[in-house]
Amino acid sequence: MGLFGTSGIRRLFDKDLLELALRTGLAVGSVCKNVVVGGDTRTSTGVMKNAVIAGLLAAGAKCEDAGVLPTPTLAGAAREFDAGVMITASHNPPEYNGIKLLNPDGSAFSPAQQREIEKPVLDDVLATAPWGEIKECTVYAGAVEEHIERIARDFPSQLKIKVVLDCGGGAASVITPRLLKRLGCEVVEINCQPGGLFPRPSEPTEANLGDLMKAVRESGASVGIAHDGDADRMMAVDEKGRFISGDKLMVILARAIGAKDVVTTIDASMVIEEMGFKVRRTRVGDNYVSEELKKGGDFGGEPSGAWVFPGVSLCPDGIYAAAQIASIAGRNELSKLAGGIPAYPILRGSIASDGVAVSALATRLESLKPVSVDKSDGFKLDFKDSWLLVRTSGTEPKIRLTVEARTETRVRELYDSVVTLIKAIGKKEK
């Protein structure tokens, strides 16, 4: 089994993960000799970061510690280094942690780069540098300020709107409140104190943002903004306190920056093509979106809330996206923008895999008689009026299921059919 999932290394924090952090630092330090390191607000991030730094230094690399900050903020700092190492488990629960490896352009390490790190770790052929080549770790100060300044250049006008901001206790707490105030916003803060226990589930889904939606309604704000643990994601609530789906938010952001060529994932709504964009689709995972954007493109994203602005960075930047949606809300009512975008019924969910492999579903899924089947990332079945995607999560022991159709009845029919198939196979294998 490989070390890397769709978003780096991510698993429950324990002794094994801590040892893996040290070994990963050794492997990265043997290839990249000038590295910047940062981390999110999880309780285990400090010790994880120290383990990675120890490995980097033991390999003879130069290392600078940027402190607590979001992943896109570290990605900006990494421009001046060979690589960036971010300690985070992103939107996973607080008992998880992990490691993201970033290139100077903000993109995640490619599969080839991952293999270069993975092989010596798994084969246990890591070596330390001679004692005379071991260096000290120094502090990288100013990464947050640099990110604020970079974003502020693109939004010179004072926004003068009220924003409700929910950072979920994550790394965005150290930057997004400051940024929005710098841009002229009146900011109502929810969960904007950094903390490792997370006052709400970290993933910024509609189900997790009830307090934000209520606060927008009660305060009369123009927009509500939410981040996940490392702020590579941003989701929004309109001025009426209604959650804006990721598919609609993708269209709103793409239109705002004048994008024509959009890269998104295989699980995004079919409405994206209907909005007139030239669309290229990738496997699920923002790293795949970023890789595709290296070939060109104006904007990229996932409906989960990861937005990539390639003119700024190839790292999904929830902080930049927060400024962008605040700017849009200062010019338009988000409810009208979202209301003008068609929406088809869509269900996204997760089911505990319980040892069931997606490949074991192949024959049973084909019994649903799809028009076509795409196996590039799990199984995507296209029908005349709908589609469904079944894939293994790259970050958790779950099977991800997405269904979209032109009617609620058809969505529920397909979704329930697949859930029944998965549970039936699970019982059989037990």
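Given an 8 Å cut-off on Cα distances and at least 6 residues of separation, report the relative contact order of the chain as a percent. Intermediate values should be presented prior to the final figure.
On the way: 971 pairs, mean separation 56.5, N = 430.
Answer for the chain is 13 percent.
For the chain, what does the helix formula give at 222 nm: sum of -39500 (n - 2.57) over DSSP H segments with n ≥ 4, over the residue count, nearest 500 deg cm²/dmol?
-10500 deg cm²/dmol
Given a 1.4 angstrom probe, I'd like the percentage of the accessible area of the range 167-305 that is carbon and sulfur, rounded to a whole number.
Roughly 46 percent of what the probe reaches on the range 167-305 is carbon or sulfur.
What nm value, rounded to one decimal, do you get for the distance between GLU80 and GLU186 when each label is placed 7 Å out toward the C-beta?
It is 3.8 nm.
Can you compute the FRET efficiency between GLU19 and GLU274 using 1/(1 + (r/R0)^6), with r the Cβ-Cβ distance and R0 = 41 Å? Round to the nearest 0.05.
0.25
Work out the FRET efficiency for LEU122 and SER157 from their Cβ-Cβ distance, taking R0 = 41 Å, and round it to the nearest 0.05.
Calculated value: 0.20.
Students often forget the sequence filter, so: which lysines lie under 19 Å Cα-Cα from LYS398 once same-chain residues fewer than 8 apart are removed?
Reachable lysines: LYS375, LYS380, LYS423, LYS427, LYS428, LYS430.
With +1 on each Lys and Arg Cβ and -1 on each Asp and Glu Cβ, and nothing else charged, work out how big the dipole of the chain is about its Cα centre, in Debye to the nearest 20.
Using Cβ point charges on Lys, Arg, Asp and Glu, the chain gives about 840 debye.
Using only the Cα atoms of the range 68-107, build the gyration tensor, take square roots of its eigenvalues as a ≥ b ≥ c, and label the shape rounded, prolate or oblate: rounded if a/c is under 1.5, else prolate if a/b is larger than b/c, else oblate. Spell out each step's value before the answer.
Numbers: a/c = 2.86, a/b = 2.31, b/c = 1.24.
Cα axes put the range 68-107 in the prolate bin.
Please give the per residue accessible area of the range 141-182, computed with a probe of 1.4 Å over protein heavy atoms only, in Å².
40
Can you give me the % of accessible surface on the range 2-128 that is carbon or sulfur? Probe 1.4 Å, all protein chains present, nothing else counted.
Carbon and sulfur together cover 53 percent of it.
Report the charge-dipole magnitude of the range 37-94 in Debye, nearest 20, computed about the Cα centre from +1 at each Lys and Arg Cβ and -1 at each Asp and Glu Cβ.
Roughly 100 debye, rounded to the nearest 20.
Nearest 5 percent is fine: what portion of the DSSP beta bridges confined to the chain is antiparallel?
Once the DSSP bridges in the chain are tallied, antiparallel ones form about 55 percent.
Taking 4 °C and 1.567 mPa s as the conditions, I'd like the Stokes-Einstein D for the chain in µm²/s, using the Kirkwood hydrodynamic radius from alpha carbon pairs.
Working: Rh = 22.1 Å.
The estimated diffusion coefficient comes to 59 µm²/s.
Listed highest first by mean packing, meaning other Cβ atoms within 10 Å per residue, what order do 157-165, 368-376 come in?
On the way: 157-165: 19.3, 368-376: 12.0.
Most protected by this proxy first, the peptides run 157-165, 368-376.
Over what distance in Å are the Cα centres of the range 183-239 and the range 117-152 separated?
31
Just to check I understand the Karplus step: with θ = phi - 60° and J = 6.51 cos²θ - 1.76 cosθ + 1.60, what whole-Hz values come out for the range 170-185, glycine and proline as x?
These are the phi-based 3J(HN,Hα) values: x, 5, 4, 4, 8, 9, 4, x, 5, 4, 5, 5, 4, 7, x, 7 Hz.
For the pair LYS423/ASP354, report the inter-label distance in nm, with labels modelled 7 Å from Cα in the Cβ direction.
Result: 0.8 nm between the two label points.
Where a Cα-Cα gap under 13 Å defines reach, which aspartates and glutamates qualify for LYS384, not counting those fewer than 8 residues away within the same chain?
GLU404
Taking the Cα-to-Cβ direction at GLU413 and at LYS384 and moving 7 Å from each Cα, how far apart do the two end points lie in nm?
1.1
Taking the solvent-accessible surface of protein heavy atoms with a 1.4 Å probe, what is the per residue accessible area of the range 15-93 in Å²?
Computed with neighbouring chains in place, this is 27 Å² per residue.
The values are calculated or read from the model by the stated rules, or taken from the named source; none is laboratory data. Keep in mind that what you see is a predicted model, and the values were worked out from it rather than measured. Ideal geometry is used to build each Cβ from the backbone, glycine not excepted, and the neighbour counts take in all protein chains shown. Please note that ligands, DNA and RNA were not included when accessible areas were found on the heavy atoms of the full protein model with its side chains. Shrake-Rupley method; radii C 1.70, N 1.55, O 1.52, S 1.80 Å.
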